[in-house]
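What follows is a set of notes on a single structure, which appears directly below.
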Amino acid sequence: MSEAKWYVVHTYSGYENKVKANIEKTIENRKLQDQILEVSVPMQDVVELKNGVKKQAQKKLFPGYVLVNMFMNDDTWYVVRNTRGVTGFVGPGSKPVPLTDAEMKYLGIQGGAGEVLVDFEVGDAVTVTSGAWEDTVGVIKSINQSKQSVIIHVDMFGRETPVEISFTDIKKM
């Protein structure tokens, strides 16, 4: 048997967690744990500012999509494709295309699990590339490997304010 690969499954928007639960239930019922290894809804931590109050929240990285690590065969394709809420696999026609190693590394997935390796350190100036703080420049004050995030200080209304940003949302200047 070939190796398991990560595939992207398109779902109805807002049904990502339900699709994940449905696939996991089907895996359990049909005893497919050795063929469908993991189902994931990629999330990122964001800091929301509402009414002047900062609040930590999680946001779906890819709304409308679920990642599935599996051995592709007729059975697994059928199970995932016919799960309620799934509209299909990402790929041309009905042929699913697995994620490449480069795409998986970008998502922080290395061989099923792993950490994002970073090339920055405390004191480096960075630019936020996405999210609420997009295009903001800040200086890294601390790095949290376990949460895959950094605390940067940004200039807000003349004051330095700490903001937590995911590794995937910043780039070194």
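Just so you know, all these numbers are worked out from the coordinates, no wet-lab data involved. Fair warning: this is a prediction, and the values are worked out from it, not measured in the lab. Cβ: placed from backbone, ideal geometry, glycine included. Neighbour counts: every protein chain shown.
Applying a 10 Å radius around every beta-carbon, put 25-37, 63-75 in order of their mean neighbour count, most first.
Sorting 25-37, 63-75 by mean packing, highest first, produces 63-75, 25-37.
Once each part is reduced to its C-alpha centroid, what is the distance from the range 1-72 to the range 136-153 in angstrom?
25
Can you give the net charge of the other residues whose Cβ lies under 11 Å from the Cβ of residue 169, counting K and R as +1 and D and E as -1? Mind dumping the intermediate values first?
Values: positive: 59, 171; negative: 45, 134, 164.
Result for the neighbourhood of residue 169: -1.
Per DSSP H run of at least 4 residues, take -39500 (n - 2.57); add these up for the chain, divide by its residues and hand me the 222 nm value, nearest 500 deg cm²/dmol.
Details: 3 runs with 30 residues, N = 173.
Helix contribution divided over all residues of the chain: -5000 deg cm²/dmol.
So what is the relative contact order of the chain, in percent, for Cα pairs below 8 Å that sit 6 or more residues apart? It would help to have the intermediate numbers written out before the result.
Numbers: 303 pairs, mean separation 37.2, N = 173.
Dividing the mean separation by the residue count of the chain yields 21 percent.
Could you sort the peptides 43-51, 161-169, 126-134 by per-residue average Cβ neighbour count (10 Å cutoff), highest mean leading? Please list the in-between numbers first.
On the way: 43-51: 13.7, 161-169: 18.8, 126-134: 16.6.
Going by the mean number of other Cβ atoms within 10 Å, highest first, we get 161-169, 126-134, 43-51.
Dividing the convex hull volume of the Cα atoms of the range 42-100 by its residue count, what figure in Å³ per residue is obtained?
Values: hull volume 7.2 nm³, N = 59.
Cα convex hull per residue, to the nearest whole number: 122 Å³.
Students often get this wrong, so try it: which of (i) 52, 17, 13; (ii) 24, 23, 15; (iii) 36, 17, 13 is semi-axes √(5λ) of the Cα gyration tensor in Å as calculated from the structure shown?
This structure yields the entry labelled (iii).
Placing +1 at every Lys and Arg Cβ and -1 at every Asp and Glu Cβ, with all other atoms neutral, what dipole size does the chain have around its Cα centre, in debye to the nearest 20?
On the way: 20 positive and 22 negative charges, 135 e Å.
Once rounded to the nearest 20, the dipole reads 640 debye.
If one takes the longest principal axis of the Cα atoms in the chain, at what angle in degrees, from 0 to 90 and to the nearest 10, does the Cα axis of helix 16-30 lie?
The angle comes out near 40 degrees.
How far apart, in nm, are two points set 7 Å out from the Cα along the Cα-to-Cβ line at residue 137 and at residue 34?
It is 5.7 nm.
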